[in-house]
Each structure stands twice: as structure tokens, then as C-alpha cells.
Amino acid sequence: MNPVAVPINPNLKLSPNPDQNEPNQSNSYAKLLGSLQFLANSMRLDISYAVNKLATYTANPGLQHHSALKQVLRYLVGMKTLGITYQKPQDETDNLFHGYANAAFANADGHKSTAGYVFLAAGGVVTWKSKKQTIIALSSTESEYIALSDTGQEACWLQNLCRELRFPQILPTIIRGNNKGSMVLTHNPQFHQ
């Protein structure tokens, strides 16, 4: 198996199986995808997006989906030495953790955005999430704002966890986003939906 540098081709446009076969819930595609989902949730953040995208087609996968799944496996073979490493912070007054939020506006399949966040502590990832948003955002700003909101909820949970473990976060938690419109909304004290 030849290794590849990315888990899924970013230019790949996946579509439903054109063969319209009878859906098969006990297929080998679903079994392998379930194993990869476990890896993505527990230790391989780098394959989360690819696995979640491929999971959309579990009921009736086609050759295109099998090929994309094989690419994820080829990526794992080539990147098996990668891992999350932690190191002691140089400055003890630093925040214990900080986060990043992002969203991809309105995918072509269901017109729902995909949002995610990642939190880092001691130089490594401690928690992450990527999933389709439950509502249809009307703009990229709204989609990013929802992602920032979810990230804020996770930050509160992490703060409470650290406090219970007697490692309180002294400074405010830093959450970074990349959409100017959503950041303006977060700083706006006016009422807005």
C-alpha cells in the first residue's frame, strides 16, 4: 500500500452512489469506517474530517467512496509515526489551554455547514470536535458565529474540569476564529439573533 500525504483529496467531490444499489447496513465499508471513526475520536484528529465526510455515504457506498476510504488507510500507513506530544509550559503563568474555532459554510449535500474546534494544552491537542451544524446558516458569518458559540461552551467545560482538578485557568481563555464578521458579533453588546 503506497502512503499518501493527505487523508482525503480536498478537490474530491463526493456524490451519492450512481448505481442505486440496495442499501446494505452490514457492508465492509461501514465496518471499516466504524474503526476509523474510533481512531478519529480517540487519537487521530487528522482523519476526523475525511471520516465524517465518508460516513455520509455509509448506507450505499459506491466505488468512489471505497477509493476515498482506501486513501485514508494509505494516509495512516504513511503517517503512523505521528502522534500528539505534550511538554511542560515554559511560563507557569500562561493559560493552561486555548482554542481555535472554524466552520465551512453550507456544503452541497444538505446545505448545512460543518463546524469544529480544537483546544490545545501543554503544546498538544486535548479536545476537539467536528460535525455538521444542526441548523442551516444563512451566511458564513452566522456559521462561524455558531462555531464560536460551541467552542465557548467547550471552553467553559474545560475551565470547570481544570478547576475541579485544582488547576484553575487564571487568565481568560483565548479562542481564535478566522471570520471578521463573527468576531465583530462576539464583541457587539447589542442584542442580535
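The values are calculated or read from the model by the stated rules, or taken from the named source; none is laboratory data. All values derive from a computational prediction rather than experimental measurement. All Cβ positions, glycine included, derive from the backbone under ideal geometry; neighbour counts span all protein chains shown.
Numbers for the structure displayed
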| item | result |
| --- | --- |
| Residue list for segment 43-69, filter: without any contact (Cβ under 8 Å) to a residue 40 or more places away in the chain, of a type outside the set (A, V, I, L, M, F, W, C) and closer than 18 Å to N11 by Cα | D46, H66, S67 |
| Within segment 122-141, tally of residues that are loosely packed, with under 14 Cβ neighbours inside 10 Å and under 12 Å from the mean Cα position of the chain (by Cα) | 1 |
| Qualifying residues in segment 150-193 (those that are in a helix (DSSP H, G or I) and either modelled with pLDDT under 90 or in contact with a helix residue (DSSP H, G or I) (Cβ under 8 Å, 6 or more places away or on another chain) (or both)) - the one surrounded by the fewest Cβ atoms within 10 Å (Cβ to Cβ) | H187 |
| So V118, is it β-branched (V, I, T), buried (at least 19 other Cβ atoms within 10 Å of the Cβ) and in contact (Cβ under 8 Å) with a residue 60 or more places away in the chain | yes |
| Test: residue in segment 100-118 that is among the β-branched types (V, I, T), touching a strand residue (DSSP E or B) at 6+ places or on another chain (Cβ under 6 Å) and farther than 24 Å from N17 by Cβ | yes |
| Every residue from segment 53-80 that is under 19 Å from Q133 (Cα atoms) and buried (at least 19 other Cβ atoms within 10 Å of the Cβ) | K53, L54, Y57 |
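Conditions (1) of a type outside the set (A, V, I, L, M); (2) assigned to a loop (DSSP other than H, G, I, E, B), marked per residue:
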{"position": "N11", "(1), (2)": "yes, yes"}
{"position": "P18", "(1), (2)": "yes, yes"}
{"position": "G34", "(1), (2)": "yes, no"}
{"position": "V51", "(1), (2)": "no, no"}
{"position": "V72", "(1), (2)": "no, no"}
{"position": "V77", "(1), (2)": "no, no"}
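This table checks each residue for (1) out of contact with any Asp or Glu (no Cβ under 8 Å at 6 or more places or on another chain); (2) among the β-branched types (V, I, T).
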site	(1), (2)
G116	yes, no
T134	yes, yes
I174	yes, yes
N178	no, no
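So that you can scan it fast, the table gives a plain yes or no per residue for (1) in contact with a strand residue (DSSP E or B) (Cβ under 9 Å, 6 or more places away or on another chain); (2) among the small types (G, A, S):
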position: A121; (1), (2): yes, yes
position: T127; (1), (2): yes, no
position: I136; (1), (2): no, no
position: S140; (1), (2): yes, yes
position: S143; (1), (2): yes, yes
position: E154; (1), (2): yes, no
position: P168; (1), (2): no, no
position: T173; (1), (2): yes, no
position: K180; (1), (2): no, no
